[in-house]
Amino acid sequence: MDTREDCLAADACDPLAPCRERFSLPEGVIYLDGNSLGPLPRATPALLNRAVKEEWGRDLIGSWNKHGWISLPETLGDRLGALIGAGPRQVIVTDSTSVNLYKLLHAALTLRPQRRIVLSEEGNFPTDLYIAQGLENAELRLSSRAGLPAAIDESIAVVMLTQVDYRTGALWDMKSITKAAHDAGALILWDLSHSAGALPVDLDGCDVDFAVGCGYKYLNGGPGAPAFLYIAKRLQESVRTPLSGWMGHAAPFDFGTAYAPAPGIRRMLCGTPSVLALRALEAGLASFAGIDMAAIRRKSLALSDLFMTLAEQRLPGDAFEIVTPREERRRGSQVSIRHGGAYAFMQALIEDGVIGDFRSPDLMRFGFAPLYTRFVDVWDAVERMAAIAEDERWRQKRYHRRQAVT
């Protein structure tokens, strides 16, 4: 696309263009941070209002049965599973990504009692590494990204990777890495926080053992939305959770004193589910109604390719380095750019109406969510970046003062 008019024309014939109306986006803002927090779906306020006023306010405790509160973790799990290639009763919505990582890493280690090593890459998301470091009787082994396939050997209990790198947007080949783990007798655990809702995932087709992910990024479930976990059906009856709470009991309302795990995926529940948060995530998942993930992937690649092409044309190459892979099969749905003043530059860009984010020490991240991101948004974002680079306003001291969240 050589002109802004070309972008407008692409938007006019984009089959996903009507989906933008499913979201409440501030006027005049170009939002390229859905890889950190998805925007508000228009359906969310009404759904929450009903949950508060009618389900909670009018029907009170009866809503656990009348409105299906008790089954929300499973029903939403099945809806979410359809977006990540998981058949019914293999995904459950519960807890946070960190808690789910702990549960699944512990479960994986108990399934490989003669092994104690968790293998991951050096640049994996910190919470994944922190959780692995906190496991008793386990050792976290780190490898470079390039060397990781060769590091999978018969000493490894579980390989833990994030499918899309949170810093660079680089995409792992899920099928080949999963096979390498299985060939070595190891289990595999994928973190889908930066891929669920942004690109097609085929957990069942790739023979994945375990997966986790959050609900507040591309799934648009709201800040702190419940996370999810996946366990392949073939493993569910042999998995034991280290957090044996009452909601994971086979008969929680019998109130027996001895723990007995529920059959299937429900055994991974722990405490009482957060109903209002689940309702908000329900609205986020409804944003994908009638949408083919292959169509999302096609537009995602087109948006990110346009962004990289324009950035190379309009931004000075000696100051801006695109670190996201150009090969389509090797990138997710974000583009990251290295710049010496990345934090200050991003603050200036946000003030100019383009919202991305910063990751230490020198990366600006831009996420492309095809349900609401337009081609003209990409054009205008790069134009504003070029203007800031040219007048160097990002050098002003006020842009360098760090806030608590970057």
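The values are calculated or read from the model by the stated rules, or taken from the named source; none is laboratory data. Owing to the predicted nature of the structure, the values given are computational and were not obtained by experimental measurement. Here the Cβ is made from the backbone with ideal geometry for all residues, glycine too, and neighbour counts use every protein chain on show.
What number of residues within region 111-143 are hydroxyl-bearing (Ser, Thr, Tyr) and within 21 Å of residue 185 (Cα to Cα)? Break it down into steps so the answer makes sense when it comes.
Of the residues in region 111-143, the ones hydroxyl-bearing (Ser, Thr, Tyr) are 120, 127, 130, 143.
Now drop any that are not within 21 Å of residue 185 (Cα to Cα), which leaves 120, 143.
Number of matching residues: 2.
Please verify whether residue 297 is assigned to a helix (DSSP H, G or I), out of contact with any helix residue (DSSP H, G or I) (no Cβ under 8 Å at 6 or more places or on another chain) and within 16 Å of residue 35 (Cα to Cα), treating the condition exactly as stated. Steps first, answer last, please.
Values: assigned to a helix (DSSP H, G or I): yes; out of contact with any helix residue (DSSP H, G or I) (no Cβ under 8 Å at 6 or more places or on another chain): yes; within 16 Å of residue 35 (Cα to Cα): yes.
Taking the combined requirement at face value, the residue satisfies it.
If residue 342 meets every condition in (1) under 24 Å from residue 26 (Cα atoms); (2) free of Cβ contacts under 8 Å to residues at least 40 places away in the same chain; (3) among the hydrophobic types (A, V, I, L, M, F, W, C) apart from one, which number is that one?
It fails just one condition, (1).
How about region 1-25: which of its residues are more than 23 Å from the chain's Cα centre (by Cα), farther than 21 Å from residue 199 by Cβ and assigned to a loop (DSSP other than H, G, I, E, B)?
1, 2, 3, 13
Any chance you could count how many residues in region 130-161 are surrounded by fewer than 19 Cβ atoms within 10 Å (Cβ to Cβ) and part of a helix (DSSP H, G or I)?
4
Is it fair to say residue 218 is at pLDDT 95 or above and within 24 Å of the chain's Cα centre (by Cα)? Write out each step before concluding.
Values: at pLDDT 95 or above: yes; within 24 Å of the chain's Cα centre (by Cα): yes.
In short, yes.
Suppose we keep only residues that are surrounded by fewer than 22 Cβ atoms within 10 Å (Cβ to Cβ) and within 23 Å of the chain's Cα centre (by Cα) within region 378-406. Which one would you say is modelled with the lowest pLDDT?
For region 378-406, the residue satisfying everything is 406.
Of everything in region 139-187, what is of a type in the set (Val, Ile, Thr) and touching a residue at least 60 places away in the same chain (Cβ under 8 Å)? Give them in sequence order. It would help to see each step written out before you state the result.
Residues of region 139-187 that are of a type in the set (Val, Ile, Thr), as a first pass: 152, 156, 158-159, 162, 164, 168, 177-178.
Listed by number, the residues that qualify are 164, 168.
For residue 283, all conditions in the list (1) touching a Phe, Trp or Tyr at 6+ places or on another chain (Cβ under 9 Å); (2) in a helix (DSSP H, G or I); (3) farther than 18 Å from residue 168 by Cα hold save one; what is the number of the exception?
Going through (1) touching a Phe, Trp or Tyr at 6+ places or on another chain (Cβ under 9 Å); (2) in a helix (DSSP H, G or I); (3) farther than 18 Å from residue 168 by Cα one by one, residue 283 breaks only (1).
Would you confirm, using the coordinates I've provided, whether residue 57 is closer than 18 Å to residue 276 by Cα and not assigned by TED's automatic domain parsing to the domain that holds residue 215? Show your work before the answer.
Values: closer than 18 Å to residue 276 by Cα: yes; not assigned by TED's automatic domain parsing to the domain that holds residue 215: no.
The answer is no for residue 57.
Just need a number here: residues in region 254-280 that are touching a residue at least 60 places away in the same chain (Cβ under 8 Å) and assigned to a helix (DSSP H, G or I).
Final tally of qualifying residues: 9.
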